[in-house]
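These notes are about the structure you will find just below.
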Amino acid sequence: MELTGAEIFVRCLRDEGVEYLFGYPGGAVLHIYDALYKQEEVKHILVRHEQGATHAADGYARSTGKPGVVLVTSGPGATNAVTGIATAYMDSVPLVVFTGQVMTHLIGDDAFQEVDAIGITRPCVKHNFMVKDVRDLAMIMRKAFHVATTGRPGPVVVDIPKDITAHKTDYVFPQDPSLRSYRPVTDGDPAVIRKAAELLLTAKRPMIYAGGGVILGNASSELTELVRWLGAPCTNTLMGLGAFAATDPLFVGMLGMHGTYEANMAMHECDVLLAVGARFDDRVTGDLDKFCPNARIIHIDIDPASIQKNVAVEIAVIGDARLVMRELLAALTASGRRLDAPALKAWWHRIDEWRGRHCLEYDRANTEVIKPQFVLETLYRLTKGDAFVTSDVGQHQMWAAQFYKFDRPRRWINSGGLGTMGFGLPAAIGVQLAHPQDTVACVTGEASIQMCIQELSTCKQYDLPIKIINLNNRYMGMVRQWQEFFYQSRYSHSYLEALPDFVKLAESYGHAGLRVDKPHDVEAALKEALGQRDRLVFLDFITDQTENVYPMIAAGAGHHEMHLATDRELA
Amino acid sequence: MRHIISILLENEAGALSRVAGLFSARGYNIASLTVAPTEDPSLSRMTLVTSGSEDVVDQIRKQLNKLVDVVKLVDLTENKRIEREMLLIKVCAEGGERDEIKRLSDIFRGRIIDVTERAYTIELTGDGSKLDAFISVIHPRRILEVVRSGVIGIARGNASCVPDDRSSCLNSNDPAA
Ligand SMILES: Cc1cc2nc3c(=O)[nH]c(=O)nc-3n(C[C@H](O)[C@H](O)[C@H](O)COP(=O)(O)OP(=O)(O)OC[C@H]3O[C@@H](n4cnc5c(N)ncnc54)[C@H](O)[C@@H]3O)c2cc1C
Ligand SMILES: Cc1ncc(C[n+]2csc(CCOP(=O)(O)OP(=O)(O)O)c2C)c(N)n1
Ligand SMILES: [Mg+2]
């Protein structure tokens with residue numbers, strides 16, 4: 001039987017196993033919306049802004065490992081989606097974004113609501129497709145899902161002119177979506193893996209640096225086994241938090257600009273570094289000339305372009321983290337050897353000395369003003385470390401990363417690569433939809449939350465009981481911190497005046513709101529909010545205005561040149 | 001160092017802009033770029049000349065390979081190769097100059113492909129340095145217009161940049177081949 005393009009679109013989503021479609025209607029996609037109306041298998045979530053749709057789909061994808069799916073109209077619908085597409089691109093998140101397009105014969109005529117969505121999104125997608133014939137629609141959709149979810153994942157855009165969604169053809173779900181020009185390598189080269197094992201066995205001061213690729217590749221248990229076999233310290237990037245259990249004694253915390261003293265010092269002094277699914281980002285490496293000066297480096301990554309990009313490594317294994325680490329562990333076990341035990345003991349002794357600096361210490365005794373760290377520590381304690389935590393961008397993000405100890409992957413959802421303010425709330429929507437029984441907390445700041453505040457309305461429509469933890473310091477805290485350190489406290493446009501009353505704002509959207517300004521009320525307020533299983537609670541914590549994120553490595557410094565809270569003076 | 005890279009690309013709208021966009025977005029140099037369809041109409045051949053340190057060129061190759069439209073990539077610089085560029089040049093040729101221009105063109109194995117009473121249009125192929133040399137022997141004031149094609153290249157010997165799954169007389173047992 002012949003179906004219209006719009007009907008084929010919906011059938012394809014169903015056959016791909018798509019649960020949720022995050023979208024916003026408009027002229028170019030009205031045929032599709034009509035087809036959606038006539039079915040119940042694919043659930044459409046109506047957001048309030050297309051940026052929200054992409055972030056919600058992104059939160060869904062990061063928390064489940066399944067692709068997030070978005071539908072927006074042409075023109076402004078597509079441009080509004082771009083920030084979310086770029087956010088997903090930078091963090092390698094699988095999204096499939098469908099943009100409506102004007103009728104084929106109008107393309108190029110500056111037609112109403114026409115933009116070159118393919119051109120605009122080209123630099124921030126893994127790939128994009130334009131559908132030119134309804135007979136190609138099913139195959140293109142299948143390829144889009146295939147490309148988005150395999151290899152190094154990423155967003156794929158499919159631009160569909162309106163007339164295509166009205167044309168008819170027979171529908172068959174294509175079986176084989178493979179492309180001759182796209183063959184990601186997943187198995188590592190066995191000879192190189194053996195060399196990596198050999199090098200690891202010679203280590204006296206080994207260090208494991210694991211990133212988001214371990215989470216994307218579902219390789220946490222392989223990583224855990226490997227690290228435990230080696231008995232080596234393990235650090236995670238901001239994107240990798242949860243890949244290795246934060247409460248494991250072998251974990252030394254996050255590394256990088258706001259990482260722990262012990263993680264960064266161990267990077268600086270290690271003699272063999274194993275990097276897995278991490279891309280040597282500048283926030284992690286600091287000054288490249290001072291990066292791991294004593295280490296021989298092994299790098300496992302599925303994307304050849306991540307290898308030797310910023311840092312020259314000695315042994316490069318191209319492949320999937322899970323498969324490669326499995327082989328690596330097999331090679332280590334087969335060797336019948338172990339790491340030098342006395343050397344390892346001395347290395348841990350050194351690390352324990354660094355741990356003794358207690359780099360995340362803060363003024364806990366303060367009974368006057370709420371310390372943001374205290375809120376997050378309490379949240380961690382009350383949720384027993386088991387909540388999904390989404391975050392926006394700024395100081396609150398760093399404190400959440402430092403103080404909420406993630407023991408499992410896909411629980412920490414934040415924008416690391418693009419650093420997109422406005423990400424947290426819509427991302428929480430996607431996470432909560434995917435995990436209706438779990439606690440989802442959105443840690444945010446009074447500046448970030450206002451960038452996608454309209455999604456409070458979406459939360460109401462779908463009864464999403466998200467807990468918003470607003471660390472309200474009346475500043476763009478991260479900006480203020482840099483201005484304090486590097487611009488002699490000239491706080492140029494980083495103070496937020498005319499803030500809304502967040503409690504009333506939440507209430508006007510139909511949610512509960514609570515303002516908390518004393519440290520001794522923090523726990524009770526969090527308990528109260530977490531206890532409300534069926535409604536969104538907006539907790540507005542009035543926090544210390546001048547608190548800074550420590551430790552900190554200033555731009556251009558090395559890992560051993562950290563500033564701790566106790567040395568206050570900086571740069 | 002200068003690198004000449006041969007790429008087989010899906011012959012699709014947008015494929016060329018993906019390559020060009022990659023170079024501008026990542027700040028890579030691009031000296032010349034030529035594209036045309038191949039004997040297989042679903043593929044185009046692109047030849048690209050770029051330059052940079054070995055690290056940068058390594059990234060360029062990897063980033064190009066990462067583009068979903070790129071079917072195959074070979075850096076011709078790594079082996080013996082033949083490079084060609086075509087030049088079309090229109091030169092002022094009047095009176096006594098006509099013979100001299102004709103002689104120069106012959107020396108360089110050029111062909112005069114269009115003639116008016118005041119000008120010659122000459123076609124010349126060769127590697128870049130040969131074309132440069134020819135241009136340099138013509139007085140700048142006589143040059144009316146210069147059009148160069150950009151470089152194309154091919155590996156010497158049996159090596160070829162074709163899709164991995166394509167069989168040929170060199171890798172099949174077909175006696176007729
Ligand atoms: C305000 C702010 C401060 C920040 N401070 C820090 C900081 O202090 N410390 C920090 O670490 N980050 C920090 N970041 C984040 C930083 O910008 C980067 O986003 C982050 O460091 C990158 O993490 P990653 O290296 O794990 O790479 P990701 O971006 O997670 O990339 C994943 C890597 O894994 C590879 N990969 C994907 N799938 C697989 C697979 N199946 N198998 C193998 N490999 C795979 C990919 O090719 C890629 O190379 C900060 C961000 C912001 C906004
Ligand atoms: C969309 C966007 N615009 C600007 C920035 C730059 N920026 C990074 S952090 C920050 C301030 C965030 O303030 P707030 O949300 O209050 O968090 P705080 O740092 O105070 O915890 C800004 C403006 C950004 N990351 N994203
Ligand atoms: Mg703030």
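Values computed for the structure shown
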| quantity | calculated |
| --- | --- |
| Selection status of B:ILE107, loosely packed, with under 12 Cβ neighbours inside 10 Å, away from chain A (no Cβ under 14 Å) and either aromatic (Phe, Trp, Tyr) or touching a residue at least 40 places away in the same chain (Cβ under 8 Å) (or both) | no |
| Residue match in the stretch A:134-143 (condition: charged (D, E, K, R) and more than 12 Å from chain B (Cβ to nearest Cβ)) | yes |
| Qualifying residue in the stretch A:110-117 (condition: in contact with a Ser or Thr (Cβ under 8 Å, 6 or more places away or on another chain) and on the phi > 0 side of the Ramachandran plot) | yes |
| The listed residue being touching a residue at least 40 places away in the same chain (Cβ under 8 Å) and either within 14 Å of chain B (Cβ to nearest Cβ) or touching a Gly at 6+ places or on another chain (Cβ under 6 Å) (or both), out of A:THR83, A:THR99, A:THR64, A:THR104 | A:THR104 |
| Unmet criterion (only one of (1) within 16 Å of ligand 2 (Cβ to nearest atom); (2) in a loop (DSSP other than H, G, I, E, B)) for A:VAL311 | (1) |
| Leading residue by the ranking (nearest to ligand 2 (Cβ to nearest atom)) among those in the stretch A:399-418 that are of a type in the set (A, V, I, L, M, F, W, C) and surrounded by fewer than 24 Cβ atoms within 10 Å (Cβ to Cβ) | A:LEU418 |
| Top-ranked residue in the stretch A:297-310 [being aliphatic (A, V, I, L, M) and more than 16 Å from A:THR237 (Cα to Cα); ranked as surrounded by the most Cβ atoms within 10 Å (Cβ to Cβ)] | A:ILE302 |
| Residues located in the stretch A:453-480, provided they are assigned to a loop (DSSP other than H, G, I, E, B), surrounded by 22 or more Cβ atoms within 10 Å (Cβ to Cβ) and away from ligand 1 (no atom under 16 Å from the Cβ) | A:LEU464, A:ILE466 |
| Residue list for the stretch A:492-516, filter: within 15 Å of ligand 3 (Cβ to nearest atom) and either more than 22 Å from A:GLU368 (Cα to Cα) or touching a residue at least 40 places away in the same chain (Cβ under 8 Å) (or both) | A:HIS493, A:SER494, A:LEU496, A:GLU497, A:ALA498, A:LEU499, A:PRO500, A:PHE502 |
| Yes/no for A:ALA387 being among the aliphatic types (A, V, I, L, M) and either within 14 Å of chain B (Cβ to nearest Cβ) or within 16 Å of ligand 1 (Cβ to nearest atom) (or both) | no |
| Failed condition for B:TYR28, given (1) in contact with a Pro (Cβ under 9 Å, 6 or more places away or on another chain); (2) surrounded by 14 or more Cβ atoms within 10 Å (Cβ to Cβ) | (1) |
| Count of the stretch A:402-416 residues which are aromatic (Phe, Trp, Tyr) and in a helix (DSSP H, G or I) | 1 |
| Sole residue being of a type outside the set (A, V, I, L, M, F, W, C) and under 23 Å from A:VAL549 (Cβ atoms), chosen from A:TYR509, A:TYR487, A:TYR462 | A:TYR487 |
| Residue among A:ASP187, A:ASP163 that is part of a loop (DSSP other than H, G, I, E, B) and surrounded by fewer than 23 Cβ atoms within 10 Å (Cβ to Cβ) | A:ASP187 |
| From B:GLU54, B:GLU83, B:GLU117, residue being of a type in the set (D, E, K, R) and within 14 Å of chain A (Cβ to nearest Cβ) | B:GLU54 |
| Criterion: touching a residue at least 12 places away in the same chain (Cβ under 8 Å), under 14 Å from the mean Cα position of the chain (by Cα) and more than 16 Å from ligand 2 (Cβ to nearest atom) - qualifying residue of A:VAL443, A:VAL431 | A:VAL431 |
| Matching residues in the stretch A:494-520 - criterion: being in a helix (DSSP H, G or I) and either closer than 21 Å to A:VAL440 by Cα or among the hydrophobic types (A, V, I, L, M, F, W, C) (or both) | A:PHE502, A:VAL503, A:LEU505, A:ALA506, A:GLU507 |
| Qualifying residue in the stretch A:349-372 (condition: of a type in the set (Gly, Ala, Ser) and either in contact (Cβ under 8 Å) with a residue 40 or more places away in the chain or surrounded by 12 or more Cβ atoms within 10 Å (Cβ to Cβ) (or both)) | no |
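Residue-wise test of (1) outside any strand (DSSP E or B); (2) surrounded by 24 or more Cβ atoms within 10 Å (Cβ to Cβ).
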position: A:SER74; (1), (2): yes, yes
position: A:ASN80; (1), (2): yes, no
position: A:THR87; (1), (2): yes, yes
position: A:VAL93; (1), (2): yes, yes
position: A:PHE98; (1), (2): no, yes
position: A:ASP110; (1), (2): yes, no
position: A:GLU114; (1), (2): yes, no
position: A:GLY119; (1), (2): yes, no
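Condition check ((1) surrounded by 16 or more Cβ atoms within 10 Å (Cβ to Cβ); (2) small (Gly, Ala, Ser); (3) not in a loop (DSSP other than H, G, I, E, B)) across all residues:
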site: B:SER24; (1), (2), (3): no, yes, yes
site: B:THR34; (1), (2), (3): yes, no, yes
site: B:ARG61; (1), (2), (3): yes, no, yes
site: B:LEU73; (1), (2), (3): yes, no, yes
site: B:ILE82; (1), (2), (3): no, no, yes
site: B:GLU94; (1), (2), (3): no, no, no
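None of the figures in this text is laboratory data; all of them are computed from the coordinates on show. On a predicted model such as this, the values are computed, not experimentally measured, just so you know. As a convention, Cβ positions derive from the backbone with ideal geometry for all residues, glycine included, and neighbour counts pool all protein chains shown.
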